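Each value in this text was obtained by applying a stated rule to the coordinates, not by laboratory testing. This structure is a prediction, so every number in the text was calculated from the model and none was measured. Using ideal geometry, Cβ is built from the backbone for each residue, glycine included, and neighbour counts are taken over all protein chains shown.
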Amino acid sequence: MKLGSAELDLSSPRIMAVLNMTPDSFSDGGEFYGDNGQVDLSLVLERVEAHLKNGADIIDVGGESTRPGASLVGLDEELDRVVPVIEAIVSRFDAVVSVDTSSPVVMTESARVGAAMINDVRALGHEGAIGAAALTGLPVCLMHMAGRPENMQKAPDYGDVLQEVCDFLLERVDSCEQAGIDRSKIILDPGFGFGKTVEHNLSLFRGLNKLFVLGFPLLVGVSRKSMIGSILDKPVEERLIGSVALAMLAAQSGARILRVHDVAATVDALKILNAVEGGYDG
Ligand code: 7PM
């Protein structure tokens, strides 16, 4: 798949590293803020350098917290959080950057400074988002979410979660195609943890191969999420091993992009998986 000027080979799974530019913390927010309450760009670039050295293929820059119950961020605030960071990353590193946003203005501005992919947890559902994304010409990741971040975990309810996620994503694909986004530029994501109970997440996980047959590359983000916390009964800072285990299961089920916080650990695990699957050449 073509991402900006880079070509991303999806014949084996790739790693998308999370770069969370929000000031609030779930597992990783507020990391890059200095004593003066401002973002310290040198801390951000250090982290990006580490992610790249550890084997990340994509850096996913986000400025809106989509965690359950999070409040909405204003447009200017979101632009301030992500645009200078994307600009700094692409000017210093040969890196593929995706922008995690639902805002058409943020999409346009991020593309202007060098973002190579759009990652939208609202599947380009906000007004003007499809048009803006189409104009950038960039690949897009369409994610399923039930409800909104403010209320999505209150009482998630589905008849058949796998079928509903499938239907939703295919409807979004249709809308994208109508707006002129080529099928070859579409990545799908079932949206683990977004309006889903642990049982919903597990059903989706078991059915990943059904989403796979839709023919689009799948992106999966399970890193440190509450389904892992529930299964292990562990707080967010103790979910590394569970996250890597689940990422490997996703890769085995056909996921092509793994969105993770812990790049080095996931890359090691993936090398083992690739070797077992026949990609070991000494
Ligand atoms: C709190 C809870 C903070 C959850 C942040 C999160 C995904 C994503 C996120 C995903 C795609 C996180 C999430 N998750 N984009 N953005 N897929 N495409 O764990 O699963 O980072 S935010």
Original post:
Once both labels are modelled 7 Å past Cα along the beta-carbon direction, what's the residue 164-residue 202 spacing in nm?
Top reply: 1.8 nm
Subject >> Per-residue HN-Hα couplings for the range 172-189 [Karplus 6.51, -1.76, 1.60; θ = phi - 60°; Hz; x = Gly/Pro] >> reply: 5, 4, 4, 4, 4, 5, 5, 8, x, 8, 5, 3, 5, 9, 10, 10, 10, 8
Subject >> Label-point gap, in nm, between residue 212 and residue 108 - each point 7 angstrom along Cα→Cβ >> reply: 4.0 nm
Subject >> Global size of the chain as Cα Rg and Dmax, reported in angstrom >> reply: 17.6, 51
Original post:
In vacuo Debye scattering of the range 190-245, one point per C-alpha: log10 I(q)/I(0) at q = 0.17 Å⁻¹?
Top reply: -0.55
Original post:
Of all GluC sites (Glu not before Pro) in the range 36-136, which ones are in loop regions per DSSP and have a Cβ with at most 16 other Cβ atoms within 10 Å?
Top reply: 127
Original post:
Label residue 53 and residue 171 with points 7 Å out from Cα along Cα→Cβ: what is the distance between them in nm?
Top reply: 4.7 nm
**OP:** For the chain, give the magnitude of the charge dipole about the Cα centre (Cβ charges: +1 Lys/Arg, -1 Asp/Glu; no others), in debye to the nearest 20.
**Re:** 620 debye
Subject >> Computed lengthening from residue 179 to residue 43, 0.36 nm per intervening residue step minus Cα-Cα distance >> reply: 45.1 nm
Original post:
With all pairs of different alpha carbon atoms counted, what Kirkwood hydrodynamic radius in Å does the range 221-282 show?
Top reply: 12.0 Å
**OP:** Could you calculate the FRET efficiency of residue 280 with residue 249 from 1/(1 + (r/R0)^6), where r is the beta carbon distance between them and R0 is 25 Å, rounded to 0.05?
**Re:** 0.80
Subject >> Charge dipole of the chain about the Cα centre (unit charges at C-beta), most positive-ward option of 193, 91, 212 >> reply: 212
Original post:
Which length gain, in nm to one decimal place, applies between residue 5 and residue 127 when the Cα-Cα distance is subtracted from 0.36 nm times their residue separation?
Top reply: 41.1 nm
Original post:
How large are Rg and Dmax for the range 102-164 when only the alpha carbon atoms are used, in Å?
Top reply: 13.8, 43
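Percent relative contact order of the chain, based on C-alpha pairs within less than 8 angstrom and at least six residues apart?
Relative CO of the chain lands at 19 percent.
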Original post:
With a ≥ b ≥ c the root eigenvalues of the C-alpha gyration tensor of the range 1-157, is it rounded (a/c under 1.5), prolate (a/b larger than b/c) or oblate?
Top reply: rounded
**OP:** State, as an integer percentage, the relative contact order of the range 98-139 based on alpha-carbon contacts under 8 Å between residues 6 or more apart.
**Re:** 49 percent
**OP:** Calculate one ³J(HN,Hα) per residue across the range 132-148 by plugging θ = phi - 60° into the Karplus curve 6.51 cos²θ - 1.76 cosθ + 1.60, and present them in order as whole Hz with x for glycine and proline.
**Re:** 5, 4, 4, 5, 5, x, 8, x, 10, 9, 9, 10, 8, 9, 9, x, 10
**OP:** Would you pull out the residues with amide H under 5 Å of residue 14's amide H, same chain only if 5 or more places away, H placed 1.01 Å from N?
**Re:** 257, 258
